[in-house]
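Structure first, then comments.
The values are calculated or read from the model by the stated rules, or taken from the named source; none is laboratory data. Note that the structure is a prediction, hence the values are computed from the model and not measured. Here Cβ is always computed from backbone atoms with ideal geometry, including for glycine, and neighbour counts include all displayed protein chains.
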Amino acid sequence: MKLVHDRHHTASGGRLSEVRDLDPGAERLLRRIDRAWSAFKQSYAGLPGEALLEPGVVGRWSVKDLIVHLSIWEEEALRHLPVIAAGGTPPRYAASGGIDAFNARTMEERRGLSLGDALGRLEETHRRLIDLIRSVSPDELRTGTRFRRRLRLDTYGHYALHMNQLRSWRESRAQR
């Protein structure tokens, strides 16, 4: 595997370090993830710290809670994508009460995170996820694979959902 120095910078300002040459499909996927990631981050950019802690963005959740939530799901991707790539099947959330129960449990576990810690964790988890994506076979990244479906659900599809919720919340907040 040939390594190249990639001068591409992510929207978060992080520099992608030594990476292998990627096929065009993988590069398109990484750009798609980066665009959705950037749009999500832009949806709360410029808000003062106290606004990021204000409940009511989605139910009782604040912007910080959404940041924590996305970080949790990227951690789930990091845990389960290698299992999928190896041909295995990750455990089903139904076995532990379903996705809503998982969200409630994991959010409660992290309720005490500071805003700074939540933001730092989000950036670190995202960097690790991008590194994982860069390391897998291009076959895993093709549209229609189990790997790609899980990746979409835990990343760019998920970012877009919460970005739209944040934008709606900001619009309604501005009208008050």
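Here are a few things to note about the model shown:
- Residue in the stretch 140-155 that is surrounded by 13 or more Cβ atoms within 10 Å (Cβ to Cβ), of a type in the set (Phe, Trp, Tyr) and farther than 23 Å from Leu52 by Cβ present: yes
- Extreme residue, farthest from Arg148 (Cα to Cα), among residues of the stretch 76-91 that are without any contact (Cβ under 8 Å) to a residue 60 or more places away in the chain and part of a helix (DSSP H, G or I): Arg79
- Any pair with Cβ under 7 angstrom, 6 or more apart, that starts in the stretch 20-40 at a residue that is more than 15 Å from Glu140 (Cα to Cα) and ends at one that is aliphatic (A, V, I, L, M) and assigned to a helix (DSSP H, G or I): Ala36/Ala160; Ala39/Met163; Phe40/Met163
- The set of residues in the stretch 145-176 being over 19 Å from Gly88 (Cβ atoms), touching a helix residue (DSSP H, G or I) at 6+ places or on another chain (Cβ under 6 Å) and of a type in the set (A, V, I, L, M, F, W, C) consists of Ala160, Met163.
- Counted residues, the stretch 116-139 - those being over 15 Å from the mean Cα position of the chain (by Cα) and closer than 19 Å to Ala51 by Cβ: 2
- Restricted to the stretch 125-163, and to residues there that are modelled with pLDDT of 95 or more and of a type in the set (S, T, N, Q), the residue that is farthest from Asp34 (Cα to Cα) is Thr145.
- Filtering the stretch 119-134 to residues that are touching a residue at least 12 places away in the same chain (Cβ under 8 Å) and over 17 Å from Lys64 (Cβ atoms) leaves Arg127, Arg128, Leu129, Ile130, Leu132, Ile133, Arg134.
- Condition met for Asp65 (of a type outside the set (Val, Ile, Thr), part of a helix (DSSP H, G or I), out of contact with any helix residue (DSSP H, G or I) (no Cβ under 9 Å at 6 or more places or on another chain) and surrounded by 12 or more Cβ atoms within 10 Å (Cβ to Cβ)): no
- So Leu113, is it within 19 Å of the chain's Cα centre (by Cα), assigned to a helix (DSSP H, G or I) and either exposed (fewer than 14 other Cβ atoms within 10 Å of the Cβ) or among the hydrophobic types (A, V, I, L, M, F, W, C) (or both): no
- Scanning the stretch 24-62 for residues that are in contact with a Pro (Cβ under 8 Å, 6 or more places away or on another chain), within 25 Å of Ile99 (Cα to Cα) and not in a strand (DSSP E or B) yields a count of 1.
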